[in-house]
Structure formats: structure tokens, C-alpha cells
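The next block holds one structure in the form of C-alpha cells; read it before the comments.
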Amino acid sequence: MVPLGDVAELIRGITFGKSEQLDHATDDSLLVATTKAAQSSGIVEEDLYHVPRTILKDDTKLLRTGDILISTANSLNLLGRTTHIRKVDKPMSFGAFMSLIRPNAKVLDGYLIYCLRTAHASDFFIRNANTTTNISNLNLATLARFEIPLPPLEVQKEIVAEIE
């Protein structure tokens, strides 16, 4: 068992105000996925926001193939919902109520997404949530401590193939 922080980089999303949202794409805009657009089945394109690209201060917050988005500020029942980024066609980032899990060379993204969708993971997220009136938060330091089994890469490939 290894902590998630040992096999992935964890990155907090970008913030933007309603006044910064654009009505449509421009030559200098960026797509942003929020918790509404980032569903378990993938990104819902019609729910993406357009914002000025200047809002993005750090290119590590641009989505890459193999990234995993996770809801880290939401209602308790949606906390920990993950979206596997299988393909990125255009520059896209993600909103502040989400975090990014970027797997390193020790773990396959296809294997990690399954680890994050287990009952064990859901239980961890619920037990470690900081809940106020209607919103539950999962901070990155806590998320980094979540432990997953880490077999060799070849075994991970076999597990993913078997599950799929």
C-alpha cells in the first residue's frame, strides 16, 4: 500500500468569477471544467465555461491525457467523484472546487481511476471530509494520504484489462 501522494501530483483548480465568464470561445479564451461538466462518464462539453486565458497562471493546470479530476468541494455524496481524462483536444483547465490527480510513472491512470472509485475510497473521502452547512471539502494533504495497493506495472495492466 502506498499513499496517493507518492504516485501522483495533486493540483488545485483555478478560480474565476461570474463576471470573467465569456459567452463564447475567443482566440484568447480557455475552456474550464467545473463539477457540473466533470462527470464520472467524462467531460460534458456543453457544460464547459469559457474564460480569458490570462486567468491561467500555471500551465500545470492544463489538462493532459491520463489526468484524473476529483471533486474536492461539493455535497458529501458527490465528494470524491472522479473524471478520467482520456483525451484532450483543446486547451482546458478545471475549476476551484476540483483537484487534479496526475499519475507519475509508478502507476497507470487506468488502474488509479479504479482505485479511486472503490468503496474503500468513498469511505475514506467521507470520513476525512470537512463539512460545513452544505459543502464538504477534502484538502489535498488529506487526499495525498489515501493509500492504494501498488502492484508492478505489468500487473496493473492485467487488472485494467480484466476490469474493462
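What follows is calculated from the coordinates using simple rules that are stated; it is not laboratory data. Every value quoted in this text rests on a predicted model; they were computed, and no experiment measured them. Cβ atoms come from the backbone with ideal geometry, glycine included; neighbour counts cover every protein chain shown.
Figures for the structure shown
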read-out	value
Segment residue 20-residue 134, length gained on full extension (0.36 nm per residue, minus Cα span)	38.5 nm
HN-Hα J in Hz across the range 69-81 - Karplus 6.51, -1.76, 1.60, θ = phi - 60°, x for Gly and Pro	8, 9, 6, 10, 8, 6, 5, 4, 6, 9, 4, x, 5
Cut-off under 5 Å, modelled amide H: who pairs with residue 95 long-range	14, 33, 34
Nonlocal amide H pairs with residue 29, under 5 Å, H built at 1.01 Å	53
Selection from 110, 40, 10 lying farthest towards where the dipole of the chain points positive, charges on Cβ	10
Relative contact order [Cα under 8 Å, 6+ residues apart], the range 1-147, whole percent	32 percent
Acute angle (nearest 10 degrees) that the helix 153-163 long axis makes with the longest principal axis of the chain, alpha-carbon atoms	80 degrees
Amide H within-cut-off set for residue 66, under 5 Å, with H built and near neighbours excluded	85, 86, 87
Residues of the range 98-137 with amide N under 17 Å of a point placed 7 Å along Cα→Cβ from residue 154	106-108
The range 97-137 residues near the modelled residue 44 label - backbone nitrogen below 17 Å, point 7 Å along Cα→Cβ	97-98
Shape of the range 1-65, Cα gyration tensor, a/c cut at 1.5	prolate
Dipole moment magnitude, nearest 20 debye, the chain about Cα centre, only Lys, Arg, Asp, Glu C-beta charged	380 debye
Cβ-derived FRET efficiency at R0 25 Å, residue 9 paired with residue 77, nearest 0.05	0.40
GNM result for the chain, Cα springs below 10 Å: residue of 14, 113, 135 fluctuating most strongly	135
Cβ-based charge dipole, the chain, positive-most Cα from 129, 25, 55	129
Note, ³J(HN,Hα) from phi for the range 15-23, Karplus 6.51, -1.76, 1.60, rounded to Hz, x at Gly and Pro	10, 7, x, 4, 5, 8, 6, 9, 6
Prolate/oblate/rounded call for the range 73-147, Cα gyration tensor, a/c under 1.5 rounded	oblate
